[in-house]
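Encoded as structure tokens, the structure appears first; notes follow it.
The values are calculated or read from the model by the stated rules, or taken from the named source; none is laboratory data. Source: prediction; values computed, not measured. Quick reminder, even Gly has a Cβ in these numbers, built from the backbone with ideal geometry, and neighbours come from all protein chains shown.
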């Protein structure tokens with residue numbers, strides 16, 4: 001091969017190498033994330049500023065985030081960017097024909113699920129996400145970490161007081177400190193078709209009894225009274241330890257009786273066992289059959305609770321005090 005041919009081959013070889021390097025840089029060049037390379041990443045306008053980070057809208061109409069050096073740290077792939085923190089970015093996108101809101105970190109991993117139709121501040125550094133599927137509320141603190149590990153039907157905030165409701169139940173928290181403090185709880189349970197409304201506002205009790213404890217007690221009262229009324233204790237093991245099943249089984253407790261009203265609630269600590277709470281209320285009962293041998297009864301109910309090894313409230317004893325009551329005159333509803 002002549003020297004001239006060798007030179008030509010060398011030039012072509014160098015050209016191929018340069019072309020390969022150019023293609024490699026085109027596909028892997030990190031400068032694509034500066035917001036200045038490519039039509040999709042061109043910054044059309046700055047939408048909002050969060051400290052030294054700026055939300056921008058690109059030529060594709062979607063939003064991303066720039067850092068202080070104008071480098072793209074969140075790609076413009078989102079319909080809207082609502083908030084930017086050191087830990088995450090709150091964004092929205094269209095999923096199955098609806099716009100949903102969630103959160104991603106700076107590696108664009110999902111850290112808040114895309115299930116919310118709104119995610120807004122309510123004051124005191126708290127934010128409420130409204131779940132699109134069922135309109136329930138999830139509460140986050142200022143760092144978008146769950147403040148309460150359950151959902152609620154409604155949330156209201158006013159002057160460091162947070163009111164949370166689920167159905168007819170309402171829980172009031174003071175949120176002026178780092179950790180929410182339960183101040184008041186109002187619950188209701190169904191006893192034989194009658195609603196017992198009960199409330200705990202004692203701060204000494206509430207320093208020990210959490211919302212989960214009160215909801216568990218409410219559930220146990222409903223379930224146990226239902227077992228007494230039906231005279232079926234098959235599911236008793238779910239709310240009581242095996243050690244307590246026998247004294248809690250009271251067959252025929254309400255045979256021939258119909259509950260007319262439930263009221264007179266009180267909650268106290270046992271005088272002898274300080275870790276035991278006594279849940280008391282009164283039932284006004286009437287005979288199922290008028291003119292029968294069974295008289296009208298007033299039944300004082302006392303149900304004792306304590307925590308088990310799993311820190312869950314369980315029933316430990318039940319007291320039923322029957323007293324004769326004057327038969328009330330029948331109402332129009334009774335006659336129906």
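Computed quantities for the displayed model
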{"item": "Boolean, residue 70 is farther than 19 Å from residue 121 by Cβ, surrounded by fewer than 21 Cβ atoms within 10 Å (Cβ to Cβ) and over 30 Å from the mean Cα position of the chain (by Cα)", "result": "yes"}
{"item": "Subset tally (residues that are surrounded by 14 or more Cβ atoms within 10 Å (Cβ to Cβ), assigned to a helix (DSSP H, G or I) and either touching a residue at least 24 places away in the same chain (Cβ under 8 Å) or touching a strand residue (DSSP E or B) at 6+ places or on another chain (Cβ under 9 Å) (or both)) for segment 224-246", "result": "7"}
{"item": "Residue match in segment 280-296 (condition: under 24 Å from residue 165 (Cα atoms) and touching a helix residue (DSSP H, G or I) at 6+ places or on another chain (Cβ under 9 Å))", "result": "yes"}
{"item": "Candidate set from segment 163-194 (those that are surrounded by 13 or more Cβ atoms within 10 Å (Cβ to Cβ) and touching a residue at least 40 places away in the same chain (Cβ under 8 Å)); member that is farthest from residue 85 (Cα to Cα)", "result": "192"}
{"item": "Lone qualifier among 185, 212 - being within 28 Å of residue 276 (Cα to Cα) and either part of a strand (DSSP E or B) or touching a helix residue (DSSP H, G or I) at 6+ places or on another chain (Cβ under 9 Å) (or both)", "result": "185"}
{"item": "Candidates 143, 135, filtered to the one that is at pLDDT below 95 and either in a strand (DSSP E or B) or surrounded by fewer than 16 Cβ atoms within 10 Å (Cβ to Cβ) (or both)", "result": "143"}
{"item": "Some residue of segment 319-331 being at pLDDT 90 or above, part of a strand (DSSP E or B) and within 23 Å of residue 242 (Cβ to Cβ)", "result": "yes"}
{"item": "Residue under evaluation residue 114, criteria (1) out of contact with any strand residue (DSSP E or B) (no Cβ under 7 Å at 6 or more places or on another chain); (2) under 28 Å from residue 43 (Cβ atoms), criterion not met", "result": "(1)"}
{"item": "Residue selected from segment 87-125 under the condition part of a loop (DSSP other than H, G, I, E, B) and at positive phi, by the criterion surrounded by the most Cβ atoms within 10 Å (Cβ to Cβ)", "result": "124"}
{"item": "Residue selected from segment 146-162 under the condition in a strand (DSSP E or B) and surrounded by 17 or more Cβ atoms within 10 Å (Cβ to Cβ), by the criterion farthest from the chain's Cα centre (by Cα)", "result": "157"}
